[in-house]
1. For Val116 and Leu253, FRET efficiency with R0 = 25 Å and r from the beta-carbon atoms, rounded to 0.05?
2. Using the Cβ atoms and a cut-off under 15 Å, what net charge is assigned to the surroundings of Asp247, where Lys and Arg are +1 and Asp and Glu are -1?
3. Round to the nearest 0.05 the FRET efficiency obtained for Leu295 and Leu212 when R0 = 51 Å and r is the Cβ-Cβ distance.
4. Using amide H atoms built in the peptide plane, which far-off residues or other-chain residues are under 5 Å from Val273 H to H?
5. Could you please report the charge total around Ala103, scoring K, R as +1 and D, E as -1 over all other residues with beta-carbon less than 11 angstrom from its beta-carbon?
6. Take the Cα pairs of the range 47-337, get the Kirkwood Rh, then feed it into Stokes-Einstein at 10 °C and 1.306 mPa s and tell me D in µm²/s.
7. Just how large is the dipole of the range 47-337 about the Cα centre, in debye to the nearest 20, putting +1 at every Lys and Arg Cβ and -1 at every Asp and Glu Cβ?
8. Which of Asn294, Thr133, Gly214 sits closest to the plus end of the dipole of the range 47-337, meaning its Cα is farthest towards the positive end, when Lys and Arg get +1 and Asp and Glu get -1 on the C-beta?
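Bear in mind that the values in this text are calculations on the coordinates, not laboratory data. Quick caveat, the model's predicted, so the values are computed rather than measured. Positions of Cβ are backbone-derived with ideal geometry, glycine not excepted, and every protein chain shown enters the neighbour counts.
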Amino acid sequence: MIETDSRSARFTDTFVPSVRSNWVVIALAVVFIMAVAILLPSFFQSSNLLNVGRQSAIVGVVAIGMTFVILTGGIDLSVGSILALSGVIMAMLVNDGWMIGSAVLVALAAGIVVGVMNGIGVAVLKIQPFIMTLATMVAIAGLSLRVTDGGPQQFNNGDFIFHLLGSGGVLGIPGPFVIFVAVAVIGILVLRNLTFGRFLYAIGGSIEAARLSGVRTTRALVIAYAISGLTAALAGVMTASRIGTGDPTAGGLTNLDAITAVVIGGTSLMGGVGGAVGTVFGALLLAVLSNVMNLVGISPFDQQIVKGAVIVVAVLLAANATRRRLDRRAASGDRFLRPATTKTAKATGPVKKSPLA
């Protein structure tokens, strides 16, 4: 009986605050889906729903990592270039005879290295995140073009990992969507249940106050950018596996799509407010919107206009909700500006150091 009550308390502490703090984007998604159900029943065909899941996966994975960075008050413009570089690295290694698993690990390691470079530039060299990641974006894009001579690197592999990352699936569910869900769950748990997650909220609220409270801000920032680089590299190998090509220009506007998903999900660009739950709904909302417009037959040019309008409305509603949430937390004395839980409510004193500190 006691164990059941404990599990119920943990569920309440984790999910109820998530729903409450992200109600705007959840409400938008529900209303939009209800409207689609009435006006476009074909949207709910199983094949189309699976396609929506596959479409949301790439941006969703990148956006989860981006959430870690934006929570600190930073931004990572280099994720698109990291995505392209990791796909190119994997393709070239596979063509050189490497096992797909080893090639994926090297590609992911490259993303982490770039992320660490961004983190060092921001945390150690004190370069503005926008400038640092913009420079990295340009440099890495040039590197991808240089090693490929500007051309795509086609490759093929019959390994299970290759199909899981690309066009395959698990029990009928697209592999990329399964990976997105797994990354999202890990991101949610890290931000809500680990001390490191509280460090990121503290840094976003006030980096100086966090430092005075015992947070090793330099290490936390470097890890946050490394996570962003890792998720971007993962999205890169997923993209390359899906199209069978390592394309040095594959990143495109992925950085802007990821930032959009994070902001629509209620995470403040000022830092300290938001979370991965809202980011998941933001990525899904963008994928549903694009899919519906394709089904209706709206031209790609008009789709950009509609997306822009939806983004403005969603961000205004989310900002209004965030402002009210901040006011409530300021009144309650929550220094870390995130939904309190039974576990974290006890941590009212100085932040204690952890293995990640």
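1. My answer for the efficiency is 0.55.
2. +1
3. With R0 = 51 Å, the Cβ-Cβ based efficiency is 0.45.
4. Residues meeting the amide H criterion: Ser268.
5. Here the count lands on -2.
6. So the translational diffusion coefficient is about 83 µm²/s.
7. About 1020 debye.
8. The one lying farthest along the dipole's positive direction is Gly214.
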